[in-house]
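K.L.:
The structure under discussion is supplied below as structure tokens; questions concerning it will follow.
The values are calculated or read from the model by the stated rules, or taken from the named source; none is laboratory data. Given the structure is predicted, the values throughout are model-derived calculations rather than measurements. Virtual Cβ from ideal backbone geometry, glycine too; neighbours counted across all protein chains shown.
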Amino acid sequence: MDIFVLLATMIFCFLIGMPIAYSLAFAAIAGAWSIGIPLEAVMLKISDGVSKVAMLTIPFFVLAGAIMAEGGMAKRLVAFADVLVGFTRLRGGLSIVNVLATTFLSGISGSAVADTSAIGSVMIPQMEKTGFPRVFATNLTITSSVQALLVPPSHN
């Protein structure tokens with residue numbers, strides 16, 4: 001019966017168009033209430049999960065990537081990678097520039113999230129203009145930003 005309350009609440013929230021995160025939270029609260037767990041205990045567990053310092057790093061790295069993109073640092077890194085590679089006139093050369101620029105930014109930020117937001121805001125529109133599909137440009141940027149975990153100033 002408890003699982004029915006949980007699933008029914010979640011499916012109902014999905015059907016009325018509530019966002020997934022709120023639907024999951026509302027279903028968890030309804031499920032805990034149905035089995036008799038005090039709501040104070042549920043709220044204490046929720047606040048324990050949110051108060052982790054490590055959870056603050058993700059939005060700050062996204063902010064760092066946005067600052068790098070708006071400040072022009074990402075554009076200068078892309079231009080530097082273009083000078084080193086020189087393949088932008090060849091087919092697929094811009095992909096190599098994307099990976100190389102992400103490698104350079106990984107050495108600065110050490111975060112895959114910051115690399116994706118900074119290089120992606122510069123390279124994805126540029127790759128679209130030259131004829132690459134948006135899906136390819138996005139996937140290339142995401143997969144090349146994972147190498148930030150291997151470059152030494154990584155936060156991992």
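K.L.:
Looking at the range 40-74 only, could you name the residues that are of a type in the set (D, E, K, R) and either in a helix (DSSP H, G or I) or at pLDDT 75 or above (or both)? So that I can check it myself, show each step before the final result.
P.N.:
Step one: filter the range 40-74 for residues of a type in the set (D, E, K, R), giving 40, 45, 48, 52, 70.
Across the range 40-74, the qualifying residues are Glu40, Lys45, Asp48, Glu70.
K.L.:
Return the residues of the range 115-137 that are over 19 Å from Ala79 (Cα atoms) and touching a Ser or Thr at 6+ places or on another chain (Cβ under 9 Å); say none if nothing qualifies.
P.N.:
The one that is over 19 Å from Ala79 (Cα atoms) and touching a Ser or Thr at 6+ places or on another chain (Cβ under 9 Å): Phe136.
K.L.:
On to the next question. Would you pick out the residues in the range 84-106 that are part of a helix (DSSP H, G or I) and either modelled with pLDDT under 80 or not assigned by TED's automatic domain parsing to the domain that holds Ile67 (or both)?
P.N.:
Passing the criteria: Leu84, Val85.
K.L.:
Separate question: Answer yes or no as to whether Val151 is within 12 Å of Ala74 (Cβ to Cβ), surrounded by 17 or more Cβ atoms within 10 Å (Cβ to Cβ) and among the β-branched types (Val, Ile, Thr).
P.N.:
no
K.L.:
Would it be correct to say that Ala137 is touching a Pro at 6+ places or on another chain (Cβ under 9 Å) and assigned to a helix (DSSP H, G or I)? Lay out the reasoning, then the answer.
P.N.:
Numbers: touching a Pro at 6+ places or on another chain (Cβ under 9 Å): yes; assigned to a helix (DSSP H, G or I): yes.
Spelling it out, Ala137 is indeed touching a Pro at 6+ places or on another chain (Cβ under 9 Å) and assigned to a helix (DSSP H, G or I).
K.L.:
What about Leu39, is it surrounded by fewer than 16 Cβ atoms within 10 Å (Cβ to Cβ) and either more than 30 Å from Asn98 (Cα to Cα) or touching a residue at least 60 places away in the same chain (Cβ under 8 Å) (or both)? Don't jump to the end; show me each part of the working.
P.N.:
Numbers: surrounded by fewer than 16 Cβ atoms within 10 Å (Cβ to Cβ): yes; either more than 30 Å from Asn98 (Cα to Cα) or touching a residue at least 60 places away in the same chain (Cβ under 8 Å) (or both): yes.
In short, yes.
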